[in-house]
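Read-outs throughout are calculated quantities, based only on the coordinates presented, and are distinct from any laboratory measurement. This is a predicted model, so every value here is computed, not measured. With ideal geometry, Cβ positions are generated from the backbone for all residues, glycine too; neighbour counts draw on all protein chains shown.
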Amino acid sequence: MRLAWTLGGFVALIVLLAVGLRLNPREVPSPLIGKPAPAFELPLLAAPDKIFSQKDMLGRVWVLNVWASWCAPCLVEHPQITRLAAGAVPVVGLNYKDAREDALPWLSRNGNPFAASVYDGAGRIALDYGVYGVPETYVIDRKGVIRYKRIGPVTPEILKEKIEPLLKELNG
Amino acid sequence: MVRLALVLFCGLAIAQEDPVLEKRVRDLSSELRCLVCQNQTLADSSAPLAVDLRNQVREQLKSGKSERDVIDFLVARYGDFVLYRPPLKGNTLLLWAGPFILLAFGLFLLFLRITRKVPAEAELSESDRARAAKLLE
């Protein structure tokens, strides 16, 4: 009886620790889900005199991808972003704390999937979006509300299981 | 090199500017979690994001906002996770109450153990006494 209790307690502890180890502490739930996408007016990456705002995308489902040329995982997720952009939904790139002379060659080297690229050199707008680790990806609906946020690179699994079904649902 | 010097210089300039403000920035940012290195406070971390956020804290305090306003600003963007003292809410109830529940459980076990009836010692019979006396002789 006593042994059963001890053993039971031990197993319960193991299960608790195993679950705890499998959780990813970097996946912080964003308070921005279900909230309107923070407003911005930023210059385009390729044309500093042209201004782009999140309002320009109202009425469309779109994806905002925060990236930088110095960010290695951004290169890892680039094929997924490219695949996403080839679909029905425009992807807007937000170039984060980067230099134009680094970012533009990066795009010509690796391909430019973005319908538009905005430039946030100081990272001020990214701060409003709660960015803390590039890359980050947001799905925004027709009313301009953030419906999904991915922190870290978009993997083929996440694209297939999370983002694409959500885009289909929002567009349907 | 020039950049580094500039950063150092700016750092010094800011530090000398307003010690009261700097203390408020430090006090507040040691209550906040750096999201990049999650076990460091915003005050301790030298991650670029932490520097940005500290500057944000400084800027907002300087413009006359209260500590509460700055905390609300950060929570709206990063969630309760930035707080080292999470607020008491439905989903943090277990976090706050957990240690007390464990303590109560421990006290309960201790109580059970203390009050458990110890089986009475068997009385020695006459013949046992006689035997014992014989052995002791």
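Model label points for A:Arg60 and B:Phe73, set 7 angstrom from Cα along the Cα-to-Cβ axis, are 3.3 nm apart.
Extending 7 Å from the Cα toward the beta-carbon at both B:Leu112 and B:Asp44 defines two label points whose distance is 3.9 nm.
Be a star and scan the stretch A:134-153 for residues whose amide nitrogen sits under 14 Å from the point 7 Å along the Cα-to-Cβ vector of A:Ala115. Answer for this model: A:138-145. Extension gain, A:Lys168-A:Ala12: 0.36 nm per intervening residue step, less the Cα-Cα distance, totals 52.1 nm.
Two numbers describe the Cα atoms of the stretch B:77-137: Rg and Dmax, which are 28.2, 88 Å.
In this structure, the pairs whose alpha-carbon distance is over 20 Å, taken from B:Lys23/B:Lys62; A:Lys143/B:Lys65; A:Lys149/B:Lys65; A:Lys35/A:Lys55, are A:Lys143/B:Lys65; A:Lys149/B:Lys65.
With a Förster radius of 25 Å applied to the C-beta separation of A:Thr155 and B:Cys37, the computed FRET efficiency comes to 0.60. Just to verify a number: FRET efficiency for A:Ala88 and A:Ser53, C-beta to C-beta distance, R0 = 25 Å, to 0.05? So, using R0 = 25 Å, E works out to roughly 0.65. Against the longest alpha carbon principal axis of chain A, how many degrees, from 0 to 90 and to the nearest 10, is the axis of helix A:100-110 turned? The answer is roughly 70 degrees.
Could you work out how far helix B:93-115 tilts from the main Cα principal axis of chain B, as a 0 to 90 degree angle to the nearest 10? Taking the Cα atoms of chain B, the angle to B:93-115 is about 20 degrees. Between Rg and the Kirkwood Rh of the stretch A:17-85, both from Cα atoms, what is the Rg to Rh ratio? Taking Rh as the inverse mean 1/r over Cα pairs, Rg/Rh reads 1.06. In terms of packing, defined here as the mean over residues of other Cβ atoms within 10 angstrom, the peptides A:142-151, A:50-59 line up highest first as A:142-151, A:50-59.
Centre-to-centre, using Cα atoms only, the stretch B:74-96 and the stretch A:1-73 are separated by 16 Å. Across every pair of non-identical alpha carbons in the stretch A:1-153, the mean reciprocal distance, once inverted, gives a Kirkwood radius of 17.1 Å. Of all DSSP beta bridges confined to the protein assembly as shown, the antiparallel ones make up roughly 65%. Beta bridges per DSSP, both residues in the stretch A:31-171: antiparallel share near 60 percent. Across the alpha-carbon set of chain B, the Rg to Rh ratio works out to 1.54, Rh being the Kirkwood radius. Counting only Cα atoms, the protein assembly as shown measures 113, 56, 36 Å along its principal axes, largest extent leading.
Computed from Cα positions, the angle between helix A:72-85 and the longest principal axis of chain A comes to roughly 70 degrees.
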